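To keep things clear, I will list the structure first and then write my remarks on it.
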Amino acid sequence: MSEAIDFYFDFSSPYGYLASEKIDELAARYGRKVRWHPILLGIVFRESGGVPLTLTAPIKSNYYLHDFSRSARYMGISYTHPANFPIATQHAARAYYGLHGQDCSRARAFAHAAYRALFSEGRDLSDLAVVLELAGAAGADRDALAEALAGPLLRERLKAECAEAIARGVCGSPFIIVDGEPFFGADRLPQITHWLETGGF
């Protein structure tokens, strides 16, 4: 087994959602595993100077709104742009780390459910009750997770993950690091495929 792939994303990122639907299968074809790292783009943007794509000038934001759906169709992924966007995703990110500390597969199932809830089902992922419902459906103890989310440990874990992401040069979502090589964007998946096929280029 070669080195794991690091997948940095924000749950509010449409392109992160698209990458999340493909990255594990892609990695598995080449004998790789993926480490998922939910982060908060708001914190990253303080360092990178970035802004949410839909909050840029209309000529750019209109393009991105069109491209989200077009890219999803191209990749064969269900997509409905949320009515409320962008949203805060700290509850979902912290919940992921809380679940990951207990069961990696349960955390991954929650992550997929959370992304699909926002970008396919139109649910408000900024609502803590929605996050707890999704976590419960993935097999988590909702009461225990709610207690953990109210405490300091998961807050500090997410803060540390964001700091590490910035230190590694993460500037947006999705940001994928393969063998130390950074790739930014779901449209880089073909390049990642070629990298894994050839051992680098």
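Since every read-out is calculated from the coordinates, none of them should be taken as a lab result. Being a predicted model, the structure only gives us computed values, none of them experimental. We place every Cβ from the backbone using ideal geometry, glycine too, and count neighbours over all the protein chains shown.
Summary table
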{"item": "Semi-axes of the equivalent ellipsoid for the stretch 55-153, Cα gyration tensor, largest first, Å", "result": "29, 15, 11"}
{"item": "Fully extended contour minus Cα-Cα distance, from ASP24 to THR54, at 0.36 nm per residue", "result": "8.1 nm"}
{"item": "Net charge of Cβ neighbours under 15 Å - reference TYR63; Lys, Arg +1; Asp, Glu -1", "result": "0"}
{"item": "Longest to shortest principal axis, alpha-carbon extents of the stretch 1-103, angstrom", "result": "45, 30, 24"}
{"item": "Cβ crowding within 10 Å averaged over residues, with 176-187, 109-120, 144-155 ranked highest first", "result": "109-120, 176-187, 144-155"}
{"item": "Cross-link reach list, lysines versus LYS159, counting only Cα pairs under 26 Å and skipping chain neighbours closer than eight places", "result": "LYS33"}
{"item": "Full-stretch length increase - ARG35, GLU156 - with 0.36 nm per residue and alpha-carbon distance subtracted", "result": "41.7 nm"}
{"item": "Cβ-derived FRET efficiency at R0 45 Å, ASP179 paired with GLU133, nearest 0.05", "result": "0.75"}
{"item": "Gain in span if fully extended, MET75 to ASP124, counting 0.36 nm per residue against the direct Cα distance", "result": "15.3 nm"}
{"item": "Helix-derived mean residue ellipticity, 222 nm - over the chain, DSSP H n ≥ 4, -39500 (n - 2.57), to 500", "result": "-17000 deg cm²/dmol"}
{"item": "Using distinct alpha-carbon pairs, which all enter the 1/r mean, Kirkwood radius of the chain in Å", "result": "17.2 Å"}
{"item": "Peptide ranges 161-170, 90-99 listed from the most packed, as the mean C-beta count within 10 angstrom indicates", "result": "90-99, 161-170"}
{"item": "Sites ALA88 and HIS194 - FRET efficiency at Förster radius 41 Å, r taken between beta-carbons, to 0.05", "result": "0.70"}
{"item": "The stretch 60-201, relative contact order [Cα under 8 Å, separation at least 6], %", "result": "18 percent"}
